[in-house]
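The next block holds one structure in the form of structure tokens; read it before the comments.
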Amino acid sequence: MRATVIDGTAVAKRILDETRQRAAKFERSHGRKPCLATVLVGDDPASHTYVRMKGNRCRTTGLDSRHHQLPQTAGTCQVVELVTELAHDDAVDGILVQHPMPAQIDEREVFEAITPDKDVDGVTLASFSAMALGGRGFQSCTPGGIMRLLDAYDVDPAGQHAVVIGRSPILGKPVGMLLLGRDATVTYCHSKTTNLSAVVAAADIVVAAVGRPELIKGDWIKPGAVVIDAGYNPGNVGDVEYRAAAERACLITPVPGGVGPTTIAVLLAQTVDAAERVTPS
Ligand code: NAP
């Protein structure tokens with residue numbers, strides 16, 4: 001194998017260690033821990049697991065977490081009411097509404113009930129605009145984690161051709177914006193893209209954010225490219241054909257242990273930012 005494997009767990013640990021110190025300092029000066037409120041609507045087992053992991057990670061990092069569970073049948077008004085209450089609660093610093101939500105819920109209306117100063121998951125239009133325009137605001141956590149991985153391995157996106165496969169509002173689109181903000185030349189690919197292999201083959205940085213196991217073939221990767229695989233599919237399989245891609249790439253994220261661990265670390269770091277009332281630029 002030619003590529004250096006990007007150790008997302010180690011990068012996440014460094015972010016969490018720093019966050020733990022900042023949380024302890026905040027507690028000393030404010031007499032309380034920074035607090036993340038989590039909201040989960042419905043019974044989706046994977047969402048339950050994700051929310052539990054976030055709560056556990058808060059505890060081991062010295063943050064409080066307050067969990068709010070609503071039934072599968074909850075309507076948009078009920079969720080908006082809860083989120084609005086949390087947005088006005090001075091003891092809550094950050095709000096995470098786990099998604100996807102049940103089909104009857106208007107997710108956008110729920111997200112917009114989060115005030116931008118507590119939007120530590122980066123899901124509001126205000127946060128998205130900040131990412132797009134380079135303003136002050138919280139980042140979507142997975143894209144934020146990807147940028148931290150690149151920084152940790154001294155990958156400067158400036159002047160590089162970055163190809164992002166996927167254009168979801170929480171992952172593909174914002175990661176492309178962040179790369180553009182760092183002076184990469186960005187190409188987005190999606191389900192209607194033709195000749196995906198040729199577009200990927202021109203990339204210096206490949207970000208796979210699709211959710212299709214091994215869609216990106218190893219022999220598409222340009223020799224020496226950086227490969228970031230955000231995909232997480234059943235059986236711990238990413239969106240990139242890992243072994244074959246690692247023969248050509250210079251840096252590659254494994255699945256698991258690459259992008260995943262940094263997502264929660266960024267969420268907690270941004271919760272402490274919110275507690276300190278610091279909105280990162
Ligand atoms: P999503 O909302 O389903 O978006 C998938 C994107 O992939 C869409 O933009 C879609 O294009 C595109 N796509 C689908 N089939 C394609 C194809 N054959 N060729 C090119 N593009 C194609 O998914 P998501 O929420 O962004 O998540 C993507 C993956 O990242 C999933 O595996 C998810 O589990 C993982 N993820 C990981 C983390 C983490 O913390 N590690 C966090 C979030 C997500 P259209 O827009 O045209 O439909």
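Quick notes
- The lone criterion from (1) within 16 Å of A249 (Cβ to Cβ); (2) touching a residue at least 24 places away in the same chain (Cβ under 8 Å) left unmet by S197 is number (2).
- All conditions in (1) more than 22 Å from E18 (Cβ to Cβ); (2) under 21 Å from the mean Cα position of the chain (by Cα) hold for A103, with the sole exception of (2).
- Out of V92, V79, one residue alone is crowded, with 20+ Cβ neighbours inside 10 Å, assigned to a loop (DSSP other than H, G, I, E, B), within 23 Å of the chain's Cα centre (by Cα) and in contact (Cβ under 8 Å) with a residue 12 or more places away in the chain. It is V92.
- Matching option when the condition is of a type in the set (K, R) and either in contact with an Asp or Glu (Cβ under 6 Å, 6 or more places away or on another chain) or part of a helix (DSSP H, G or I) (or both), among R136, R148: R148
- Qualifying residue in region 32-45 (condition: of a type outside the set (D, E, K, R), out of contact with any helix residue (DSSP H, G or I) (no Cβ under 7 Å at 6 or more places or on another chain) and open to solvent by 60 Å² or more (accessible area, probe 1.4 Å)): yes
- In the set (1) open to solvent by 70 Å² or more (accessible area, probe 1.4 Å); (2) assigned by the TED database to the domain that holds A230; (3) in contact with a helix residue (DSSP H, G or I) (Cβ under 7 Å, 6 or more places away or on another chain), P157 fails one condition alone, (1).
- Test: G122 is assigned to a loop (DSSP other than H, G, I, E, B) and more than 16 Å from the ligand (Cβ to nearest atom): no
- Taking the criterion of being near the ligand (Cβ under 10 Å from one of its atoms) and out of contact with any strand residue (DSSP E or B) (no Cβ under 9 Å at 6 or more places or on another chain), the residues of region 244-281 that qualify are P256, G260, P261, T262, T263, I264, V266.
- Yes/no for A23 being surrounded by 21 or more Cβ atoms within 10 Å (Cβ to Cβ), modelled with pLDDT of 95 or more and in contact with a Gly (Cβ under 8 Å, 6 or more places away or on another chain): yes
The values are calculated or read from the model by the stated rules, or taken from the named source; none is laboratory data. Bear in mind the structure is a predicted one, so any value in this text is a computation, not a measurement. In this analysis, Cβ positions are derived from the backbone assuming ideal geometry, glycine residues included, and neighbour counts consider all displayed protein chains. All accessible areas refer to the heavy atoms of the entire protein, side chains included, with ligands and DNA or RNA removed. Shrake-Rupley method; radii C 1.70, N 1.55, O 1.52, S 1.80 Å.
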